[in-house]
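Here is the structure we will look at, set down as structure tokens.
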Amino acid sequence: MLLCDFHIHTTYSDGSIELQKVVDIYGQAGFDVIAITDHVVNNDSSIGKLAHRFKYTVKEENFQEYMDAIEFESTRAWDKYGMLVISGIEISKNYINPDLSAHILLLDLKGFISASWDYERIFREAREQDALIVACHPQGLSDMSKDTYHLWNNREKYAKYIDAWEIANRDDVFNVVSLKKYPYIANSDFHKARHLYSWKTLLNCSKEVGAIKQCIRHNKGVAITLFRN
Amino acid sequence: MEPLFLIFAALSLFGLFAYALQIWSVRSCRTISTPSCLGKPISAPPFFPPISILKPLKGLDDNLFDNLESFCHQDYPEYEVIFSLQNENDPACKVARMIKNKYRDRDITVHVERCSAGLNPKVNNLIPAYRIAKHPYILISDSNVMARKNYLADIISDMRDPGVGLVSNPIRGIGGESVGAVLENLHLNSFVMGSVSFLDRFLKMPCVVGKSMLMRKSDLEAIGGFAGVKDVLAEDYLIGKRMHESGKRVVLSSHMIDNINEYWGIRKFLNRHTRWGKLRWQIGGIKYISELISNPVFMSFLALAFLGPSLRTVALSAGVSFCKSAGDFFIGRKIGTNMAISSYVLGPLKDVLIGFIWFVPLLSNTVVWRGNRYIIGKDSMLSPCPETGLWSFRYKVVETIKARFA
């Protein structure tokens, strides 16, 4: 089984550790697959504007630099650790009202997608790029400041676009995903070194981006584990 | 002047004097001054007997992959590496297997065997590895040690002398991305490095650092083997002591090894040094007091705490802290650590924390190590904590409080 974490932040957004060091933390710990998913924050709300002001977001201007840096690290990680690093972003639509807020992981993305676009456009564009679409922390978190209910409250409308839902995020488990029998994965939402020890995904497939995306979409051979030291 | 101030000032100056001696011993000690300690080869050792490296693994250390990998790059003709684990599901097991797969041309064994021969989990991990070790020399090397290419070649050279029974190494702390890791590295590079060099240089005491111990199998077996230390916490100290008593010399090698500490939390730092403090209290007895009175920063802060802030108490604390930090910086540069100058500002904070930790062993004789709770007795002899009665109640209360604050 491949030990995977598909939700990781670096100093490109609000993570506290630089990309290279993050890759090393996971490589040194024996992970097989990780995805770097820094925030791309909306610019149409007061909270979103704050993120732009404090540079807690990847912007269209530095998106290519961000992707190039991940590509470089991906090569290094493969050579040194045999670890696959997938590029991605976390579309972060942040509003004061958590019912309006949503976070969406887009994995194996090729081009920039803005968080200020409407949901339908984001999903369509991600599909066109063959990115894997994951709904993040669909229910309340122990850290209430980032509650995002919009996708779950509108699941009938959006479920057709979403390849998987986070059934666990760091220390929180969302049993509603299980009750609805939605495809699932579990991630750390890594921002600090101690977040390494959290919920993770195990995949029974080969260590290739295509196989991993297919495994998650079909949701066969997927398990979750609480990674502890 | 108040007598209390004079006492604290005198103790602070005494501590600074003791630290100056440690700095001198680090500076002049052969363990530091020879080129080999910085990884540069001196002359080729005249003999290269095959060595079995025993690496007991439990859990993930910072930099584990690189640490283990560094043992696959040894410039040495014949050696084997045995990664020994108690549990297949240990996250370190996956890393060990990755290393084995990456270096298929090396003689690497990942050995998983549950052993409960004694109470010391590290010794329990070493016993199965020792059983399958092929070579006449064994090197016990902790998982958090990173070695340079000439490590084996350097340390074996001391074994040319048949009178030498054990070779250990000085250790320096490297890295430090978090406050806890910086505190740990500061302590390794000041107190630990200074004390080990001082004991070796001036007192000629057999000083063993358990992170790296090279022995002959025959010598270890002559002093009772691992079975003789399976129920003690300080197995390194006891092996060194018994080796010394058996007439064999315990040598501090000229090769310095690295301990990479990157992302420690402050709690981990406090837990480790509380455990080490308890260990030294049980081993050293009354000599343990010397650690307190040779902590000049803590002594100067006691003056501040007892007499209140005034020009002279603040000046004493600031002056002593500055001198101690300058000493830390000097040792750091001497042994080639890569710590930023700003990190040394945390030195006085570390010394004050260590000062408070000093008192804990006087109040508690239990340790939690690798998930197990023990009562620690004389010479660090371990006994399991009772599951019933007052002990059990006490720990239930403590655990409940901890869970509340988690």
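Computed from the coordinates by the stated procedures, all read-outs in this text should not be read as laboratory data. Just so it is clear, the structure is predicted and the values come from calculations on it, not from any experiment. Neighbour counts are summed over all protein chains in view; Cβ atoms, including those assigned to glycine, are modelled from backbone coordinates with ideal geometry.
Straight-line reach from A:Lys160: which aspartates and glutamates have a Cα under 14 Å away, not including same-chain ones fewer than 8 places off? Correct list for A:Lys160: A:Glu120.
Can you tell me the FRET efficiency between B:Ala305 and B:Leu203 if r is taken as the Cβ-Cβ distance and R0 is 35 Å, rounded to the nearest 0.05? Display every interim value, and only then the final one.
Working: r = 32 Å, r/R0 = 0.92.
The formula returns an efficiency of 0.60 here.
For chain A, a/c is less than 1.5, where a ≥ b ≥ c are the root eigenvalues of the C-alpha gyration tensor. That puts it in the rounded class.
A cut-off under 15 angstrom between Cβ atoms defines the neighbours of A:Trp117, and their net charge, with Lys, Arg +1 and Asp, Glu -1, is -2. Under the simplified labelling scheme, the B:Thr400-A:Lys49 pair shows an inter-label distance of 5.1 nm, with each label point 7 Å from Cα along Cα→Cβ. Relative to the longest principal axis of the Cα atoms of chain B, helix B:91-102 runs at roughly 50 degrees.
For a test of the definition: using alpha carbon positions, the gyration tensor, and the 1.5 limit on a/c, classify the range B:36-266 as rounded, prolate or oblate. Rounded, because the longest to shortest axis ratio a/c is under 1.5. Contact order, relative form, for chain B: 22 percent (alpha carbon pairs under 8 Å, 6 or more residues apart, mean separation divided by residue count). For the range A:125-203, a/c is not less than 1.5, where a ≥ b ≥ c are the root eigenvalues of the C-alpha gyration tensor, and a/b tops b/c. That puts it in the prolate class. Per residue of peptide B:60-71, the mean number of Cβ atoms on other chains within 10 Å of the residue Cβ is 3. The gain in end-to-end length when the A:Leu179 to A:Glu208 segment is fully stretched comes to 7.4 nm, 0.36 nm per residue minus the alpha carbon separation.
What FRET efficiency do you get for B:Trp24 and B:Thr109 if R0 is 41 Å and r is their Cβ-Cβ distance, rounded to the nearest 0.05?
0.40
Only DSSP H runs of four or more residues enter the estimate; each adds -39500 (n - 2.57), and after division by the residues of chain A the mean residue ellipticity at 222 nm equals -9000 deg cm²/dmol.
Out of the trypsin sites (Lys or Arg not before Pro) in the range B:192-297, which ones are loop residues according to DSSP with at most 16 other C-beta atoms within 10 Å? The partial results should precede the final answer.
Working: sites: B:Arg201, B:Lys204, B:Lys211, B:Arg216, B:Lys217, B:Lys230, B:Lys241, B:Arg242, B:Lys248, B:Arg249, B:Arg267, B:Lys268, B:Arg272, B:Arg275, B:Lys278, B:Arg280, B:Lys287; in loops: B:Lys204, B:Lys211, B:Lys230, B:Lys248.
The qualifying sites are B:Lys204.
Using only Cα atoms and rounding to the nearest 10 degrees, what angle (0 to 90) does helix B:296-307 make with the longest principal axis of chain B? Its long axis makes an angle of about 30 degrees.
What dipole magnitude, in Debye to the nearest 20, does chain A give about its Cα centre under +1 on Lys/Arg Cβ and -1 on Asp/Glu Cβ? Could the numbers behind the result be given before it?
Numbers: 27 positive and 31 negative charges, 115 e Å.
Dipole size: approximately 560 debye.
Ignoring everything except DSSP H segments at least 4 long, calculate the 222 nm mean residue ellipticity for chain B; use -39,500 (n - 2.57) per segment, divide by total residues, nearest 500. Walk me through the numbers before you get to the answer.
Working: 16 runs with 193 residues, N = 406.
Dividing the helical sum by the residues of chain B leaves -15000 deg cm²/dmol.
Restricting the range A:182-229 to trypsin sites (Lys or Arg not before Pro) that sit in a DSSP loop and have at most 14 other Cβ atoms within 10 Å of their own Cβ leaves A:Lys192, A:Lys220, A:Arg228. Lacking any other cysteine beta-carbon closer than 4.7 Å, the following Cys residues of chain A have no compatible partner: A:Cys4, A:Cys136. The amide H of A:Leu84, built 1.01 Å from its N in the peptide plane, has A:Val33, A:Ile34 as neighbours under 5 Å, considering only residues 5 or more places off or on other chains. Between B:Ala315 and B:Ala227, the modelled labels are 6.6 nm apart [label points 7 Å from Cα along Cα→Cβ].
When the listed pairs B:Lys350/B:Lys378; A:Lys93/B:Lys58; B:Lys100/B:Lys248; A:Lys55/B:Lys94; B:Lys134/B:Lys278; A:Lys55/A:Lys181 are checked against a 30 Å cut-off, the alpha-carbon distance exceeds it for A:Lys93/B:Lys58; B:Lys100/B:Lys248; A:Lys55/B:Lys94; B:Lys134/B:Lys278; A:Lys55/A:Lys181.
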